[in-house]
Amino acid sequence: MRRTILLSFCLLLLGASAVSALARGMTVEERRAMRMEKWGISVPYFAQSSSLASSASSAKTNNEQRTTSNVVTGSISIPILVYHHIRPTQGYAKSTWSWKMSVTPSVFERHMQWLADKGYTPIDLDTFACIMDRSCGMPDKPVVITFDDNNRSQYDIAFPTLRRHGFTGVFYLVANRLDNRANILRDEVREMAESGMDIQSHTMTHAWLTTRTPEQLTGELAESKRVLEELTGEPVRHIAYPSVMHNATVRARAAELGYVTGSIMDPRNARDSEDRFKLPRIMMTDETVLERVMP
Ligand SMILES: [Zn+2]
């Protein structure tokens, strides 16, 4: 009798988890395909050299190696924006990093509304890499909107705004900050990933990677990737170097460990000729004029 009850309980649990998995959606590939369809990107073909080849083997068998209608043949240039804090900036002098790393909530709202009004398509970083590799088609006016450092305001203010516009944002998270209430918490990260936000790595401890021993460097890169992948169930293949500290050793180790891009700060658009491990990002402040920044 007791065994029957236990068995029923186990089946119930199994059923519940299957339902929640279904409710949560689909496989990584299915979710990707859905996002791309939404962005108007024709079905990608996965060339051997594609950075997506490893994570898309099932899609490859389904779609064979067919070319796509909106793969760009000419040069490509895509802006990557970066935000840190969404908070009031009064009280901070313009010379300080506190000012430079903040935009007020109303400016952030205005930026997102401007992108929506002008018909920009915020994409995730796998799609960015796929477009740059010419393995995927390009949507209208692509842009990548990134956020660093797990700041709470990114969940409280940026996330709902992005969602309202149907935008995807890329959140570079420091993996050992996930239990700190001043930052975005684990459940919130999961919620963001399930809502289509792109969760990527800003290392394990926000360490300056160029100053680490080889073992520490591997830990910062590999452990953060593992922790974030386990949390969201999505691949983590992109890194933003904390404080832009990187060198040839850091970049090579990141590539060996499965990353396909690395981001720095540099106020210009990313081109297809770009070193994928030195992607320029444009720091957004209260005084950024999007008309001047965006192509
Ligand atoms: Zn940072």
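The values are calculated or read from the model by the stated rules, or taken from the named source; none is laboratory data. Worth saying up front: this structure is predicted, and the values here are computed from it rather than measured. Note: ideal-geometry Cβ built from the backbone for every residue, glycine included; neighbour counts use all protein chains shown. Keep in mind that these areas ignore ligands, DNA and RNA; they rest on the heavy atoms of the full protein, side chains included. Shrake-Rupley method; radii C 1.70, N 1.55, O 1.52, S 1.80 Å.
Could you identify the single residue in Y83, Y92 that is open to solvent by 50 Å² or more (accessible area, probe 1.4 Å) and touching a Phe, Trp or Tyr at 6+ places or on another chain (Cβ under 6 Å)?
Y92
Take the residues in the range 229-243 that are within 16 Å of the ligand (Cβ to nearest atom) and more than 12 Å from the chain's Cα centre (by Cα), then tell me which one is surrounded by the fewest Cβ atoms within 10 Å (Cβ to Cβ).
S243
Of the conditions (1) out of contact with any strand residue (DSSP E or B) (no Cβ under 9 Å at 6 or more places or on another chain); (2) assigned to a loop (DSSP other than H, G, I, E, B), A116 satisfies every one except a single condition; which number is it?
The failed condition is (2).
Tally time: how many residues in the range 143-177 are among the polar types (S, T, N, Q), part of a helix (DSSP H, G or I) and open to solvent by less than 10 Å² (accessible area, probe 1.4 Å)?
Count: 2.
Can V260 be described as of a type in the set (V, I, T), within 17 Å of I80 (Cβ to Cβ), surrounded by 16 or more Cβ atoms within 10 Å (Cβ to Cβ) and more than 16 Å from the ligand (Cβ to nearest atom)?
yes
Among the residues of the range 73-95, what is the count of those that are farther than 15 Å from P122 by Cα, more than 16 Å from the ligand (Cβ to nearest atom) and within 22 Å of the chain's Cα centre (by Cα)?
1
For residues in the range 193-227 being touching a residue at least 40 places away in the same chain (Cβ under 8 Å) and away from the ligand (no atom under 15 Å from the Cβ), which is nearest to H84 (Cα to Cα)?
Among them, the one singled out is D198.
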